[in-house]
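J.: Pasting a structure below so you can have a look.
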Amino acid sequence: MTLGVVAKIKVKDGQQAAFEAVASKLAKAVQANEPGCLLYTLNKTDDPVTYVFMERYKDEDAVKAHRGSDHFRSLGKEMGAFMDGPPEILRLNELA
């Protein structure tokens with residue numbers, strides 16, 4: 001079953017450029033190293049401090065591989081310094 005994840009992240013005001021630099025590195029690492037990840041994009045909303053990662057995975061094993069990857073753990077920790085609270089995560093089971 002294909003799975004989707006939407007991660008909404010608020011960033012501390014004034015930290016947008018630093019967050020974008022690290023988050024972009026993460027997106028590139030996921031795209032280059034996770035064959036089970038079908039989509040992984042960083043998006044900016046109309047709110048200048050709100051970002052959204054849109055993610056799509058082949059199956060639950062691909063989600064687990066993503067969460068366990070070195071790049072997710074290290075760059076995710078690095079991104080945390082710029083975040084204004086925990087991300088809002090929405091998990092989706094694709095139907096069609």
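Please treat every number below as a calculation from the coordinates, not as lab data. The structure presented is a predicted model; accordingly, all values stated were derived computationally and were not measured. No Cβ is skipped: glycine too gets one built from the backbone with ideal geometry, and neighbour counts run over all protein chains shown.
J.: Scan the stretch 5-25 and report the pairs whose first residue is more than 23 Å from L38 (Cβ to Cβ) and whose second residue is in a helix (DSSP H, G or I), with Cβ atoms within less than 6 Å and a gap of 6+ or a chain change.
T.: V11/F19
J.: Residues of the stretch 40-96 being within 10 Å of the chain's Cα centre (by Cα), in a strand (DSSP E or B) and among the hydrophobic types (A, V, I, L, M, F, W, C), which ones?
T.: Hits for the stretch 40-96 are L42, V52, F53, M54, I89.
J.: Please enumerate the residues belonging to the stretch 27-41 that are among the aliphatic types (A, V, I, L, M) and within 14 Å of R67 (Cα to Cα). Explain how you work it out, then say what you get.
T.: We begin by selecting, within the stretch 27-41, every residue among the aliphatic types (A, V, I, L, M); these are 27, 29-30, 32, 38-39.
Answer for the stretch 27-41, where residues must be among the aliphatic types (A, V, I, L, M) and within 14 Å of R67 (Cα to Cα): A27, A29, V30.
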